[in-house]
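Each value in this text was obtained by applying a stated rule to the coordinates, not by laboratory testing. Keep in mind that this is a model prediction, so the values were computed, not measured.
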Amino acid sequence: MAKRTWSDLSTTQKRAVVVGGTLEAAMTLAALRDLASRRSDEVRGPKAAWMLSFVVQPLGPIAYFAAGRR
C-alpha cells in the first residue's frame, strides 16, 4: 500500500484531520493548565507522571480527566 500524502486526501478527510488535531491540542492544553493549577494532594499520583502521560495522545489527557483528579 502506497503512503498517502496530504494532497491525496479529500476535503472531508483534510477537515477531519485538522479538527481532530485541534481537539487533541485543546484537550492537552486544558489538562496541562488544570494540572498546573492543582496542589499535589488534589492529584492521584505524581504530577510529573501525569505530565509525561500527556505525550500519549489522546489517551493521556483523557485518563487524567477521568482518573487523575481527586
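Structural remarks
- Seen against the Cα atoms of the chain and their longest principal axis, helix 11-37 is set at about 10 degrees.
- Rg and Dmax of the chain, based on Cα coordinates, read 16.0, 50 Å.
- Net length available on complete extension from Thr12 to Leu59 is 14.5 nm, with 0.36 nm assigned per residue and the Cα-Cα distance removed.
- For Arg69, residues with placed amide H under 5 Å, excluding near neighbours: Arg44
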